[in-house]
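The values are calculated or read from the model by the stated rules, or taken from the named source; none is laboratory data. The shown structure was predicted, so the numbers you read here are calculated from the model rather than taken from an experiment. Note that we place each Cβ from the backbone using ideal geometry, even for glycine, and neighbour counts take in every protein chain shown.
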Amino acid sequence: MSNSRKEHAVEGLDSKHDDIHVHDHESCCLSRRGFIGGTVAAAVVGTLGGLGLPETAWAAGDDYDYLKANKDYAAKKALHKATYPGPKPIRPAKRMAVVACMDARLDVEDMLGVQTGDAHVIRNAGGVVTEDALRSLVISHHLLNTREFILIHHTRCGMLAFTDDLLKAGLEGDPKAVELLSKATGRTFVSPNASATSPAEFHAFRGQIEAVDAPKDKLTNVERLNWDVRRGISRIMNHPWIPTKGPDAVSVRGFIYDVDTGLLEEVSYPGSMGSFG
Ligand code: ZN
């Protein structure tokens with residue numbers, strides 16, 4: 001059991017008793033509140049029942065500790081089995097959902113020692129808790145029974161090396177921005193020279209920009225990473241559809257992964273989420 005599971009363990013929510021009773025509770029509550037009619041509710045129950053999932057299909061090994069697994073990974077032990085494991089239940093066995101950066105140097109399953117079927121892994125540029133990441137997390141918890149969210153940012157992240165304004169200006173054809181982006185990335189930036197409304201944001205990290213792939217610096221770029229992890233935790237903790245208290249609570253933790261060591265370091269929360277200083 002991971003530390004946070006122990007911290008967040010709630011009476012009646014241990015691995016043997018916290019089943020979400022999809023067949024009764026979900027359909028019953030939804031229909032009682034008038035969200036879905038009886039016929040639709042019956043269809044939902046029938047569909048879920050048809051999956052043939054035992055309530056304990058997700059049961060995780062009690063000795064699993066992802067931080068211990070991460071230390072083993074950093075020590076070059078192979079933990080993730082890459083071969084096809086055979087049929088698995090739809091619910092993630094370790095009841096975890098991870099939001100991580102898409103950086104090619106991050107192997108999320110490897111660094112946490114999770115196997116196929118163990119966890120949801122949501123990835124985007126930066127590992128940012130965006131609207132789309134929240135959509136996935138709400139589904140992950142309420143429909144697929146996860147109860148632990150893990151946010152992973154990392155050192156040398158490309159999101160430290162630009163701002164939304166700079167990238168938008170470059171895409172829209174500003175010569176100065178094109179020059180800066182080419183210099184920063186070492187790749188000739190070819191501007192489409194056009195404006196667009198989507199994506200509305202790139203979610204580049206707040207703070208003084210630096211060269212792409214700059215090494216870890218506790219005083220500067222790690223603090224910028226911490227800010228964004230805390231912003232993500234805050235978005236989750238304050239989301240009305242993600243319970244972080246009570247019997248159906250989700251726990252949330254954030255980490256910085258060091259691409260030079262393979263190790264995760266936890267980000268304290270609450271704390272600063274940014275500064276113009
Ligand atoms: Zn990154």
Residue pairs qualifying under the 8 Å Cβ cut-off, at least six apart or on distinct chains, with the first in the range 202-218 being loosely packed, with under 12 Cβ neighbours inside 10 Å and the second being of a type in the set (Asp, Glu), are PRO215/ASP260
Residue hits (the range 226-266; closer than 21 Å to HIS141 by Cβ, β-branched (Val, Ile, Thr), touching a residue at least 12 places away in the same chain (Cβ under 8 Å) and assigned to a loop (DSSP other than H, G, I, E, B)) are ILE242, VAL250
Name the residue, out of LEU166, LEU137, LEU144, that is more than 16 Å from the ligand (Cβ to nearest atom) and part of a loop (DSSP other than H, G, I, E, B). LEU144
Just checking, does the range 56-76 include any residue being farther than 28 Å from GLY262 by Cβ, touching a helix residue (DSSP H, G or I) at 6+ places or on another chain (Cβ under 7 Å) and modelled with pLDDT under 90? no
Kindly provide the set of residues from the range 182-207 that are farther than 23 Å from GLY232 by Cα, under 28 Å from the mean Cα position of the chain (by Cα) and of a type outside the set (S, T, N, Q), ordered by number. ALA184, ALA196
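If you go through the range 105-132 one residue at a time, how many are in a helix (DSSP H, G or I), buried (at least 22 other Cβ atoms within 10 Å of the Cβ) and within 16 Å of the ligand (Cβ to nearest atom)?
1
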In the range 169-190, the residues that are outside any helix (DSSP H, G or I) and either among the basic types (Lys, Arg) or out of contact with any helix residue (DSSP H, G or I) (no Cβ under 8 Å at 6 or more places or on another chain) (or both): GLU172, GLY173, ASP174, GLY186, ARG187, VAL190
Every listed condition ((1) within 26 Å of GLY254 (Cβ to Cβ); (2) free of Cβ contacts under 8 Å to residues at least 40 places away in the same chain) holds for LEU144 save (2)
Looking at THR155, THR146, which one is touching a Pro at 6+ places or on another chain (Cβ under 7 Å) and buried (at least 17 other Cβ atoms within 10 Å of the Cβ)? THR146
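In the range 111-154, what residues are of a type in the set (D, E, K, R) and either farther than 27 Å from PHE202 by Cβ or touching a strand residue (DSSP E or B) at 6+ places or on another chain (Cβ under 8 Å) (or both)? Steps first, please.
Here is the first cut: in the range 111-154, the residues of a type in the set (D, E, K, R) are 118, 123, 131-132, 135, 147-148.
Residues satisfying the conditions are ASP118, ARG123, ASP132, ARG147, GLU148.
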